[in-house]
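> Got a structure for you, questions after.
The values are calculated or read from the model by the stated rules, or taken from the named source; none is laboratory data. Given the structure is predicted, the values throughout are model-derived calculations rather than measurements. Neighbour counts are summed over all protein chains in view; Cβ atoms, including those assigned to glycine, are modelled from backbone coordinates with ideal geometry.
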Amino acid sequence: MDTRFFRDTMGKFATGITIVSTDYKGEMMGMTVNAFMSVSLNPKLIAISIDENASMYNKLQETKQFGISILREEQKELSMIFAKQMEKDRDIPFVIQDGVPVIDGSIATLSCQVMDTAKAGDHMIFIAEVTDIKSDVGDPILFYGGNYRTVKPE
C-alpha cells in the first residue's frame, strides 16, 4: 500500500487541532498535534501520538508531563507556527496550568501526567492522566483533507 494514499485516506477523518506543550529545562515549547483522543473517564486519561522524528518525541519521555490546548478557529496561525508551516512572528501566549504550559485563549486546556507509553510503528503513544482542565466557549479549528476548516452551524 502506498504511503501517500494511506496518509490521504487517513486525512478524510476530520480532527480538531491541539498544541501539545511542555517545559523542557526552562524552555516552553510545543507542537501541533491532531492525533489526540480521550481514553478513559475513570481514571481520566487521554492519548497523543508523536512521530519519532519530532523534536518533542524524546523531550516528552523525559519531562513526563505536558499540556494540551484545544485550539479555537481564531488560533489557526498558532497551529501553523507550531506545525512549522509559518515563521514565529509573535510571542506565544503560554500560561502555566498545574505546572505545565498551555496556550492562553484556547477552547480547552488540559494538564497531563504521562502514565504509560507504547511504541507503535514510527510513533510513540503517550497515555496520560489529566490533572487539571479548563474549558471555554467557541468554535474549534479543524483539519480535514490536508486543509484547515471551520465548523459551520446548520
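> In this structure, does Thr150 turn out to be in contact with a helix residue (DSSP H, G or I) (Cβ under 6 Å, 6 or more places away or on another chain) and under 30 Å from Phe6 (Cα atoms)? Full working, then the answer.
Working: in contact with a helix residue (DSSP H, G or I) (Cβ under 6 Å, 6 or more places away or on another chain): yes; under 30 Å from Phe6 (Cα atoms): yes.
In short, yes.
> On the basis of being closer than 23 Å to Thr117 by Cβ, at pLDDT 95 or above and among the hydrophobic types (A, V, I, L, M, F, W, C), does Phe66 make the cut? Can you show your working first?
On the way: closer than 23 Å to Thr117 by Cβ: yes; at pLDDT 95 or above: yes; among the hydrophobic types (A, V, I, L, M, F, W, C): yes.
Criteria met by Phe66.
> I would also like to ask the following. Please state which one of Asp98, Asp2 is acidic (Asp, Glu), modelled with pLDDT of 95 or more and more than 14 Å from the chain's Cα centre (by Cα).
Asp98 is the lone residue from the list that is acidic (Asp, Glu), modelled with pLDDT of 95 or more and more than 14 Å from the chain's Cα centre (by Cα).
> Would you please name the residue that is farthest from the chain's Cα centre (by Cα), looking only at residues in the stretch 109-154 that are under 25 Å from Gly11 (Cα atoms) and without any contact (Cβ under 8 Å) to a residue 40 or more places away in the chain?
Looking at residues that are under 25 Å from Gly11 (Cα atoms) and without any contact (Cβ under 8 Å) to a residue 40 or more places away in the chain, I get Glu154.
Quick grid of which residues meet (1) within 18 Å of Gly30 (Cβ to Cβ); (2) surrounded by 12 or more Cβ atoms within 10 Å (Cβ to Cβ):
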{"site": "Asp51", "(1), (2)": "yes, yes"}
{"site": "Glu62", "(1), (2)": "yes, no"}
{"site": "Val100", "(1), (2)": "yes, yes"}
{"site": "Ser106", "(1), (2)": "yes, yes"}
{"site": "Val114", "(1), (2)": "yes, yes"}
{"site": "Gly121", "(1), (2)": "no, no"}
{"site": "Asp139", "(1), (2)": "no, yes"}
{"site": "Arg149", "(1), (2)": "no, yes"}
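> Another one. Give the number of residues within the stretch 1-16 that are outside any loop (DSSP other than H, G, I, E, B) and either surrounded by 10 or more Cβ atoms within 10 Å (Cβ to Cβ) or among the small types (Gly, Ala, Ser) (or both).
7
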